[in-house]
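K.L.:
Once you've had a glance at the structure underneath, I'll fire off some questions.
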Amino acid sequence: MASHDDDLSGFREEVRQWLEQNCPPSARNVPQNADNSFWGGRNAVHGNEDRKLWFERMAQRGWTVPSWPQRYGGGGLDASQARILAEEMRRIDAVNPLQSLGIMMLGPALLEFGSEEQKLEHLPKIARGEIRWAQGYSEPGAGSDLASLQTRAEDCGDHFLVNGQKIWTTYGHKCDMIFTLVRTDPQAPKHQGISFLLIDMADPGVEARPIRQLSGNENFSETFFTDVRVPKANLVGVINRGWDVAKYLLTFERTTMGSSGSGAQGEGLDQAALRLFGREGLAREPGLRQEIAEVLIGTWSARIAGQRLFDQGKAGAISPFSPSVLKLLATELDTRRTRAMMALGGFDHLDPGGSAAYKWLDAPTNCIAGGSNEIQLNILSKRALGLPEA
Ligand SMILES: Cc1cc2nc3c(=O)[nH]c(=O)nc-3n(C[C@H](O)[C@H](O)[C@H](O)COP(=O)(O)OP(=O)(O)OC[C@H]3O[C@@H](n4cnc5c(N)ncnc54)[C@H](O)[C@@H]3O)c2cc1C
């Protein structure tokens, strides 16, 4: 009788062959960042024909969301199979065919809290990249203190009437729909009067104004809601219990941020140092060697922590603090790694649009996004260590 391990090695072989035949060479070894990735959506544009083909082939197998159930457009893979697929894609440096907040954040929340109708309506569209989702959590007066949010949704019988403003909506002006936190009971204590609502950004009264950054890029929007009528069917979970959905979703955002890092791609810090200084030159730079060693040890520890999380997941025993720990470690490490990389390359790396410069500027933003690292430290000190609040 074939063992589970035999099944998995057969599966690995099948995946390897399929990727070899279906991943075009031009969809491999491509440095990938938010700007050159495919994000899907109603007005989606593919980088080129090969990338389009690669996306379509992956979507057809459900491998844009390998572990989601097949009836929702997923690949139906178990955790070990999904991991093998990820490893094999990494082995050939295949581009991620579809980046999506729908995949990273909303999908898992809908699988846990959505009704069957909501799952059937939204998950396949996420898997096929038909709808691009935005995250409408932060407001001008509610970032770290998210539960202070003021965007109101008034119960009007068959619909909610939404008024208010969100900010820092990543690519809000390019998105089709937005998952939002809205206040449905202004009298209740702040965590208890919030609901989780899905809003179509094409609806009258929704306006996403791009925010121009110092770099000239427009990666965020301010999103305004003025008398927007939202069907009751778009409420996810129980009314006034949206905080549960919000927190659950954030664990996926933080885990994703904790398991990806710009340093994971391209030339490593140690290789770059050897190339630029040579073995003897590096021997004369104890400070640099120390920094490289610390980043490499940190990377190694983060990988082990990620493996631990994966094993906990398989055993159904994930620590509620793992997402905060992983997010904190990975984003701090990534910032340090990109800073060291820039220091190594010196002026040569200060090339606008170059990938080292981009990563260096981009990495610290992840210490703020998804709940700042100071807030993760607060969560850990209060809830994991039981320390008194400052
Ligand atoms: C790259 C990026 C993408 C983002 N994308 C989105 C998105 O798509 N949708 C969305 O809704 N939001 C998004 N955000 C917003 C993000 O969630 C907030 O910026 C974040 O939660 C911090 O809130 P704030 O900016 O209001 O800062 P504040 O809450 O005003 O915090 C300012 C500073 O004070 C510190 N601080 C605040 N309170 C405490 C405390 N109690 N203890 C210790 N330190 C504290 C913070 O750590 C921070 O350093 C994004 C942010 C970034 C950087």
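K.L.:
Can you send over the carbon and sulfur percentage of the accessible area for the chain, probe radius 1.4 Å, protein chains only? Write down the numbers at each step before the final one.
P.N.:
Working: 10690 of 20310 Å².
Roughly 53 percent, rounded to a whole number.
K.L.:
Using Cα positions and a limit of under 22 Å, work out the lysines in reach of residue 125, with same-chain residues fewer than 8 apart set aside.
P.N.:
Result set, ordered by chain and number: 52, 174, 232.
K.L.:
Here's something else I'd like to know. Using +1 at the Cβ of each Lys and Arg and -1 at the Cβ of each Asp and Glu in the chain, identify which of 95, 298, 322 lies farthest towards the dipole's positive end.
P.N.:
Highest projection toward the positive end goes to 298.
K.L.:
Another question about this same structure. Only sites in a loop by DSSP and with at most 13 other Cβ atoms within 10 Å count here; which trypsin sites (Lys or Arg not before Pro) in segment 133-210 make the cut?
P.N.:
Numbers: sites: 152, 166, 174, 183, 190; in loops: none.
Listed in order of number, the matching sites amount to none.
K.L.:
Now a separate question. Per DSSP H run of at least 4 residues, take -39500 (n - 2.57); add these up for the chain, divide by its residues and hand me the 222 nm value, nearest 500 deg cm²/dmol.
P.N.:
On the way: 11 runs with 164 residues, N = 390.
Result for the chain: -13500 deg cm²/dmol, rounded to the nearest 500.
K.L.:
Lys/Arg Cβ at +1, Asp/Glu Cβ at -1, dipole of segment 4-99 taken about the Cα centre: which of 70, 40, 25 is farthest positive-ward?
P.N.:
My answer, from the dipole projection, is 40.
K.L.:
At a Cα cut-off below 18 Å, give the aspartates and glutamates reachable from residue 247, other chains included and same-chain residues fewer than 8 away excluded.
P.N.:
Partners found: 112, 139, 145, 374.
K.L.:
How big is the dipole moment of the chain about its Cα centre under a simple scheme where the beta carbon of each Lys and Arg is +1, that of each Asp and Glu is -1, and everything else is neutral? Debye, nearest 20, please. Provide the component values of the computation, followed by the final result.
P.N.:
Working: 42 positive and 48 negative charges, 69 e Å.
So the magnitude is around 340 debye.
K.L.:
In what order, largest first, do 256, 169 sit by accessible area if the probe radius is 1.4 Å? Please list the in-between numbers first.
P.N.:
Values: 256 45, 169 0 Å².
Final ranking, largest accessible area leading: 256, 169.
K.L.:
Leaving out ligands and nucleic acids, note down the accessible area per residue over the chain with a 1.4 angstrom probe, in whole Å². List each step's numbers first, then the result.
P.N.:
Values: 20310 Å² over 390 residues.
Result: 52 Å² of accessible area for each residue.
K.L.:
For segment 262-325, state which chymotrypsin sites (Phe, Trp or Tyr not before Pro) are in a DSSP loop and have at most 16 other beta carbons lying within 10 Å of their beta carbon. Could you put the intermediate results ahead of the total?
P.N.:
Numbers: sites: 277, 300, 310, 321; in loops: 321.
Passing sites in segment 262-325 are 321.
K.L.:
Hey, another quick one. Using a 7 Å offset from the Cα along the Cα-to-Cβ direction at both residue 315 and residue 232, what is the distance between the two label points in nm, to one decimal?
P.N.:
Result for the modelled spin labels: 4.5 nm.
K.L.:
Hey, another quick one. Compute the acute angle (0 to 90°) between the alpha-carbon long axis of helix 116-127 and the principal axis of greatest extent of the alpha-carbon atoms of the chain; round to the nearest 10°.
P.N.:
40 degrees
K.L.:
Let me know the charge dipole size of segment 133-241 about its Cα centre in debye, to the nearest 20, where only the beta-carbon of Lys, Arg (+1) and Asp, Glu (-1) is charged.
P.N.:
Working: 10 positive and 13 negative charges, 44 e Å.
In total the dipole reaches around 220 debye.
K.L.:
Sticking with this one: Taking square-rooted eigenvalues a ≥ b ≥ c of the alpha carbon gyration tensor, is segment 133-241 rounded, prolate or oblate, where a/c under 1.5 means rounded and, failing that, a/b exceeding b/c means prolate? It would help to have the intermediate numbers written out before the result.
P.N.:
On the way: a/c = 2.27, a/b = 1.45, b/c = 1.56.
Cα axes put segment 133-241 in the oblate bin.
The values are calculated or read from the model by the stated rules, or taken from the named source; none is laboratory data. Note that the structure is a prediction, hence the values are computed from the model and not measured. Neighbour counts run over all protein chains shown; Cβ positions are idealised from the backbone, glycine included. To get the accessible areas, we keep the full protein, side chains included, count just its heavy atoms, and leave off ligands, DNA and RNA. Shrake-Rupley method; radii C 1.70, N 1.55, O 1.52, S 1.80 Å.
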